[in-house]
There are 2 protein chains.
Amino acid sequence: MATSIEHANAEAARRIQAAQPWLEDLVAARDAIPALRERRLLHAGPPVTWERMCGPMRGAVIGAAIYEGWAEAPEQAEAMASGGGIAFDPCHHHGAVGPMAGIISPSMPVFAVRNRAAGNTAYSTMNEGLGKVLRYGAYDASVLDRLRWMRDSLAPVLKAAIHRAGGFDLRVLIAQALQMGDECHNRNKAATSLFFRALAPHLLRAPLPGDRVAAAADFLNANDTFFLNLAMASCKSALDAAHGIPGSTVVTTMARNGTDFGIRISGLGGRWFTGPARVPKGLYFPGFGPEDANPDIGDSAITETAGLGGFAMAAAPAIVTFVGGTVDLARTSTLRMYEITLAENEAYRIPALDFRGTPTAIDLRKVVETGILPVINTGIAHRRPGIGQVGAGLTEPPEECFHAALAALVEEQAARR
Amino acid sequence: MATSIEHANAEAARRIQAAQPWLEDLVAARDAIPALRERRLLHAGPPVTWERMCGPMRGAVIGAAIYEGWAEAPEQAEAMASGGGIAFDPCHHHGAVGPMAGIISPSMPVFAVRNRAAGNTAYSTMNEGLGKVLRYGAYDASVLDRLRWMRDSLAPVLKAAIHRAGGFDLRVLIAQALQMGDECHNRNKAATSLFFRALAPHLLRAPLPGDRVAAAADFLNANDTFFLNLAMASCKSALDAAHGIPGSTVVTTMARNGTDFGIRISGLGGRWFTGPARVPKGLYFPGFGPEDANPDIGDSAITETAGLGGFAMAAAPAIVTFVGGTVDLARTSTLRMYEITLAENEAYRIPALDFRGTPTAIDLRKVVETGILPVINTGIAHRRPGIGQVGAGLTEPPEECFHAALAALVEEQAARR
């Protein structure tokens, strides 16, 4: 038995590292994800009902319903959502990921990131920037106007540039960004810069009105976090390829809906193992404190699941000015993660650790044996919709996720005997 | 006496840190530097005659003479140069700096970087990219065609963008690049990316033919070293402001012409103290070795003189793949430089050292007392003109520069008493 687990895990670790995420297209979500041909919204984290949704996620649902023209006013959207008029499903059930509330609605453009090694495709929305944004549950006119502009004006420009370029190798961009102080979760300044540079020659030659192209470039340029959603889709494309290997104890999903934290295990199919999402510890923006914080939310922990984000913090010492802690903490966080992972990533390396590969392929068994929980660095949302980000910090999954998953594994092994 | 030296040095260190290098313009060298209204070339390092010039510098002189239309063929250019038909002067005598051979000829466009704190301006050429380039002594048709294109097509585009932007704050770009794995001498990938991002909105709106703008963007984008010359001019603008303080023992110039290494001291006026340039130790490109290497050449050690480059290597662990050595060497190189400097830069900080400021303001006395020589990381030129870069590595100034400078200081003090 142990041998077959080792084999299965080695294969999972191999597939994660072998992934070749390639940005291939930017398409309407409904054209990429069949489930969005109905009145449905995808959300971050494990499954959750309207009743149990946290404030920021409810806000984002209301905003998306108005954006899609399903409702005209917040009250109407709320009634529709609570009355069963909108279906909900996790992004993760449809090859997709979304930061914070993670709402994907049918007409939103999504990046299509194809894992050229395994052939699967992952999807993510475009990053809206900072401030008042849907993913933090804001839905006023400025938020919805921006989403419409992103759909109608930004997306066609980016799509044309992506097509003109023949797509972009995101693995190379991430690998370089790790050598430039990013960990590709809360710090994406280098990756965004490199992506912008890669895109620019095609923006400059796009057969589209110059003012629209310039506005698109400005939008990307003004947001150092733009690459986050591409990093997330890259990681999703790698981990989906490693999911579903019988016997593997590798963690292929860590995601939060703001109420529950959920994980999935490669060898345990579609089952989620959940526990209550914790409130991150970190630095708050002026005027805010822990009492304002929503519990941990978003699919962005897919970066940690793939060995980036908190797992790669040693590559990004400057991040401590944002998430708190010391440079030494950034380094030791990464070092600790080698104790619960199976591989050191061949493509993604950390200069400050003498080019050691990022800790990759979390082994459920190691987490339980060592009691070391995966470290996640994350933005902190206000618990009420519409206020937005109030800080950033570090957090961990609730340990019960891992205990429940291990119990399920033991049961399954017993059943097979 | 000691007190007045301390005061003078504190003022020098203050001025270096207070510098606010601002990219203000791109102009023909002859319009910025009066000495270039005659048949004269500026070169890297301390003064040197044609007879004592190394191979790459002679090659660059020949190329520049043809580029300027002073000669039609290399033999003619060589005869002109050796016969006194071309005047030579160090870049450093005219507020300018140039990498490697460092040749600046009258019609070459130069960046004008104004130190807004002190009011002085420093100049540098545009970086030509890698491969066969004039600064390594190459002068075939491809090299000269590129230089003409840079003058006639690239420069007007960049100039328009710089003007449209109202210039660029290079201090901010350098500070950010240090948090993104650059040390701004041999690694400028982040700085170039950030500069490109800053420039892009203005390129996209430049009132110039689209194909020229696109070609200009491509050129910048293809060369991760593009920012080097801007970093050099920034450092020059800071150090010139700190030069000429009576009694100060701060090193304000370190520069090499490929034959001699020369330094200048703030309190010792225009005098150069020189010694033979050493051959750097480092990594060679395939097919080349130390026997191919020209001794240390170029004004780019201005970055180290200002506390960047080799002094900031702890910020740039990935550079060891280029210049050789280990990540630990990068870190200890920086730490060692604190022993010969007077200040920790307030603007330029190193995340990996808990945001400690870069070691700034080299004190001649400390160099002599400790026997620790400044560390310089550098490209290595082939000793024959026209071949180009053959590697990169680390080197040090010859210690006799510092001994000679100290002797001069002692003499001067004696004379004053």
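The values are calculated or read from the model by the stated rules, or taken from the named source; none is laboratory data. In this text the structure is predicted, and so the values were computed from the model without any measurement. All Cβ positions, even for glycine, are placed from backbone atoms using ideal geometry, and neighbour counts span all protein chains on display.
Tally the residues that are surrounded by fewer than 24 Cβ atoms within 10 Å (Cβ to Cβ) and either part of a strand (DSSP E or B) or aliphatic (A, V, I, L, M) (or both), restricting the search to the stretch A:54-66. So the count comes out to 1. Return yes when residue A:165 is within 14 Å of another protein chain (Cβ to nearest Cβ), farther than 30 Å from residue A:66 by Cβ and out of contact with any helix residue (DSSP H, G or I) (no Cβ under 8 Å at 6 or more places or on another chain) and no when it is not. No, not satisfied. Summed over the stretch B:324-355, the residues that are closer than 23 Å to residue B:171 by Cβ, within 10 Å of chain A (Cβ to nearest Cβ) and not in a helix (DSSP H, G or I) give a count of 4. Residue B:319 meets all of the listed conditions (1) out of contact with any strand residue (DSSP E or B) (no Cβ under 6 Å at 6 or more places or on another chain); (2) at pLDDT 95 or above but one, namely (2).
Give the residue, chosen from A:306, A:314, A:318, that is in contact (Cβ under 8 Å) with a residue 40 or more places away in the chain and within 14 Å of another protein chain (Cβ to nearest Cβ). Break it down into steps so the answer makes sense when it comes.
On the way: A:306 fails: within 14 Å of another protein chain (Cβ to nearest Cβ); A:314 fails: in contact (Cβ under 8 Å) with a residue 40 or more places away in the chain.
Within the list A:306, A:314, A:318, the selection yields A:318.
For the stretch A:1-44, the candidate set comprises residues that are assigned to a strand (DSSP E or B) and not hydrophobic (A, V, I, L, M, F, W, C); within that set, the residue that is farthest from the chain's Cα centre (by Cα) is A:40.
For the stretch B:371-388, the set of residues classified as within 30 Å of residue B:144 (Cα to Cα), surrounded by 20 or more Cβ atoms within 10 Å (Cβ to Cβ) and of a type outside the set (A, V, I, L, M, F, W, C) consists of B:377, B:378, B:379, B:382, B:385, B:386, B:388, listed by residue number.
Looking at the stretch B:195-216 only, could you name the residues that are at the interface with chain A (Cβ under 8 Å from one of its Cβ atoms) and either aliphatic (A, V, I, L, M) or within 23 Å of residue B:146 (Cβ to Cβ) (or both)? Correct list: B:196, B:200, B:203, B:204, B:210, B:213, B:214. Residues in the stretch B:174-188 that are buried (at least 24 other Cβ atoms within 10 Å of the Cβ) and within 11 Å of another protein chain (Cβ to nearest Cβ): B:177, B:178, B:179, B:180, B:181, B:182, B:187. Scanning the stretch B:199-216 for residues that are closer than 18 Å to residue B:127 by Cβ and surrounded by fewer than 18 Cβ atoms within 10 Å (Cβ to Cβ) turns up just one, B:215. Screening the candidates A:192, A:253 for the property of being more than 14 Å from every other protein chain (Cβ to nearest Cβ) and buried (at least 24 other Cβ atoms within 10 Å of the Cβ) yields one hit, A:253.
For the stretch B:163-178, the set of residues classified as in a helix (DSSP H, G or I) and in contact with a strand residue (DSSP E or B) (Cβ under 6 Å, 6 or more places away or on another chain) consists of B:170, B:171, B:175, B:178, listed by residue number.
Check whether at least one residue in the stretch A:239-249 is within 14 Å of chain B (Cβ to nearest Cβ), out of contact with any strand residue (DSSP E or B) (no Cβ under 9 Å at 6 or more places or on another chain) and either modelled with pLDDT of 95 or more or buried (at least 21 other Cβ atoms within 10 Å of the Cβ) (or both), and report yes or no.
Restricting attention to the stretch A:239-249, the residues satisfying the condition of being within 14 Å of chain B (Cβ to nearest Cβ) are none.
No.
Condition check ((1) more than 25 Å from residue A:130 (Cα to Cα); (2) out of contact with any helix residue (DSSP H, G or I) (no Cβ under 7 Å at 6 or more places or on another chain); (3) at pLDDT 95 or above) across all residues:
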{"position": "A:27", "(1), (2), (3)": "no, yes, yes"}
{"position": "A:34", "(1), (2), (3)": "yes, yes, yes"}
{"position": "A:41", "(1), (2), (3)": "no, no, yes"}
{"position": "A:61", "(1), (2), (3)": "no, no, yes"}
{"position": "A:67", "(1), (2), (3)": "no, no, yes"}
{"position": "A:70", "(1), (2), (3)": "yes, no, yes"}
{"position": "A:79", "(1), (2), (3)": "yes, yes, yes"}
{"position": "A:91", "(1), (2), (3)": "no, no, yes"}
{"position": "A:112", "(1), (2), (3)": "no, no, yes"}
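Would you call residue B:368 in contact with a His (Cβ under 7 Å, 6 or more places away or on another chain) and in a helix (DSSP H, G or I)?
It is true that residue B:368 is in contact with a His (Cβ under 7 Å, 6 or more places away or on another chain) and in a helix (DSSP H, G or I).
Of A:219, A:227, A:273, all but one fail to be within 14 Å of chain B (Cβ to nearest Cβ) and either buried (at least 24 other Cβ atoms within 10 Å of the Cβ) or among the polar types (S, T, N, Q) (or both); the exception is A:227. Of everything listed in (1) away from chain B (no Cβ under 14 Å); (2) not in a helix (DSSP H, G or I), the single unmet condition for residue A:160 is (2).
Test residue A:378 against the stated conditions and say whether it is of a type in the set (Ser, Thr, Tyr), in contact with a Ser or Thr (Cβ under 8 Å, 6 or more places away or on another chain), over 20 Å from residue A:298 (Cβ atoms) and in a strand (DSSP E or B). First the steps, then the outcome.
Working: of a type in the set (Ser, Thr, Tyr): yes; in contact with a Ser or Thr (Cβ under 8 Å, 6 or more places away or on another chain): yes; over 20 Å from residue A:298 (Cβ atoms): no; in a strand (DSSP E or B): yes.
In short, no.
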